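Accompanying notes for the structure given below.
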Amino acid sequence: MEKLVIRGGRPLQGIVSIGGAKNAAVAILPATIMADGPCVIDNVPDISDVHILLEIMSSMGVVVRKDAPHTYYLDGRGLVSSVIEHEEARRMRASYYFLGAMLSKFGKAAVALPGGCNLGARPIDQHLKAFAALGCETTVDHGMVYCDASHGLKGAHIIFDIVSVGATINAMLAAVKAEGRTVLQSVAKEPHVVDVANILNMMGADIRGAGTDTIKINGVKHLRGVDYAIIPDQIEAGTFIAAAVATGGYVRIDNITPKHLETIVSRIREMGGEITLDEECAYVRRRGPLLATNLRTMPHPGFPTDMVPQATVLLALAEGTSVVQEGIWSNRFRYADELRRMGARFTVDGKTAIISGVDSLSGAPVASTDLRAGAAMVIAGLCAKGVTEVGGLEYIDRGYENFVGKLKALGADIERIDDGTDGGLLVREA
Ligand code: UD1
């Protein structure tokens, strides 16, 4: 089993560069199949979710060529298959974007229900509701989702019952070539939703209002191939901000979009971070002792749920008691047991966590229970006294490019090793 071995106590210092946004990439790559010509996508993060998507696209008949470390040439003109089976779909959450993209391209799609991190119930009823409103027949049978719009998709007025990133993007994908006008209300406003709208508009779509509560789409007949660069990852940036503050270091974080980080930055400032945002970078250090802060996650522009585990490491080391309320996922706090092993005082009641700060954490063997929890374990290990071993690296690999390399460059004492076992979380003698 592979694991990370971290010797804590070194403040992070230096410069780190942020990669392309995972949650934009996993929507934009499937969207390229909708174009009538090839697309060149830049700033694609080198993470396992992207590798899986590209494998799926290649097996569907898309020409996938890596032109540079983060640049892919994608030509979906030869695409033949419109069925994505269980084995492929289960490997990641975002396989559901092939529903919207294939529906737009072929008028039909069949994709197995998606996998992804276990953050609680992850239904796709809002995606299916949007497809149905656009005139598509949807059925779910033996874990496969079948969408059929052989009579053509027609614009519709759709009001979502819940704010969903996935459903908003999938509805946009399906509606761009639907006949007439589509209005989507109560939509998600995350930067990656806007990024997907931007590439579709560059392809020739007519989408207005992305980033607000209402998106209006006038259907077009064709989409052309484009060259496009994905936005920087706000959560990767937030993770390094949290790590720099937690370890009491001084880090310059390059390749960011400051506007996308406003909420994260303002909340981490309240926790004791000193953060200066420049045009494309952030300077991050700790102002003094870490401070308890109450947090509640909300859809954008609220505090993102995907930053909760990393932020709670700061709160675990803060003076005072913090209450963190999770507004999106029921299983967000599955990592609480792991942080407790390191000495954190962390009680969880449903979607609420109460964290009483301690002076220090101590190294322990811990597991990543999901992608962001894995990042939190690493930050905790960087701060802890002694050796921390973090298992479950397949989660971290899903969303962090070269996490170990970037942390090492900032002076962290961290190694990725294979302990030669097939599991378990044994602590090596230090
Ligand atoms: C995306 C992100 C994920 C992030 C989440 C919330 C990707 C690949 N993943 O996930 O990292 O944590 O946004 O910012 O972009 N819901 C329904 N019915 C639906 C769809 C969603 O009830 O049809 C519920 C979910 O159970 C959840 C909430 O809506 O409680 C938000 O989910 P959603 O925004 O759809 O999350 P994802 O797109 O899966």
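Where a number appears in this text, it was derived from the coordinates with a stated rule and is not lab data. Note that this is a predicted model, so its numbers are computed, not measured. No Cβ is skipped: glycine too gets one built from the backbone with ideal geometry, and neighbour counts run over all protein chains shown.
Hey, with R₀ at 41 Å, roughly what FRET efficiency would Val63 and Met298 work out to, going by the Cβ-Cβ distance, to 0.05?
Working: r = 41 Å, r/R0 = 0.99.
Calculated value: 0.50.
By DSSP, what percent of the beta bridges with both residues in the chain are antiparallel, rounded to the nearest 5?
About 70 percent, rounded to the nearest 5.
Kindly state, to the nearest 0.05, the FRET efficiency for Asp141 paired with Asp359, given R0 = 41 Å and r defined as their beta-carbon distance. Please report the intermediate quantities before stating the final value.
Values: r = 56 Å, r/R0 = 1.36.
Efficiency computed from Cβ-Cβ geometry: 0.15.
Under 18 Å from a point placed 7 Å out from the Cα of Asp213 along the Cα-to-Cβ direction: which residues of the stretch 288-313 have their backbone N that close?
Residues passing the 18 Å test: 298-303.
Among Ala110, Ser164, Ala174, pick out the residue whose Cα is farthest towards the positive end of the charge dipole of the chain, where Lys and Arg carry +1 and Asp and Glu carry -1 on C-beta, about the Cα centre.
Ser164
Calculated from DSSP H runs of 4 or more alone, at -39500 (n - 2.57) each and per residue, what is the 222 nm mean residue ellipticity of the chain, nearest 500?
Mean residue ellipticity at 222 nm (helix-derived): -9000 deg cm²/dmol.
How long are the semi-axes of the ellipsoid equivalent to the stretch 97-205, from square roots of 5 times the Cα gyration tensor eigenvalues, in whole Å, largest first?
Calculated on Cα positions only, the semi-axes equal 19, 18, 13 Å.
Sorting check: for 198-204, 253-259, which peptide has the highest mean count of neighbouring beta carbons within 10 Å, and how do the rest follow?
Highest to lowest by the protection proxy: 198-204, 253-259.
About the Cα centre of the chain, what is the dipole size in debye to 20, counting +1 per Lys and Arg Cβ and -1 per Asp and Glu Cβ, all else neutral?
It comes to approximately 700 debye.
Quick one: pull the percentage of alpha-carbon pairs in the chain with a separation above 27 Å. Working shown, then result.
Working: 47292 of 92235 pairs.
Of the Cα pairs, 51 percent sit more than 27 Å apart.
Just how many % of Cα pairs in the stretch 22-229 lie over 25 Å apart, if you round to the nearest whole percent?
Above the 25 Å cut-off, the stretch 22-229 has 28 percent of its Cα pairs.
With a cut-off of 18 Å, note down the residues of the stretch 378-413 whose backbone N falls inside the zone around a label point 7 Å from the Cα of Asp46 toward its beta carbon.
394, 396-410
Extension gain Arg77-Lys385, at 0.36 nm per residue separation less the Cα-Cα distance, in nm?
105.4 nm
Considering only the other residues whose Cβ falls under 13 Å of the Cβ of Thr297, what net charge follows from Lys and Arg at +1 and Asp and Glu at -1?
+2
What order do you get for 366-374, 182-190 when each peptide is scored by the mean count of other beta carbon atoms within 10 Å, highest first?
So the order, starting with the most tightly packed, is 366-374, 182-190.
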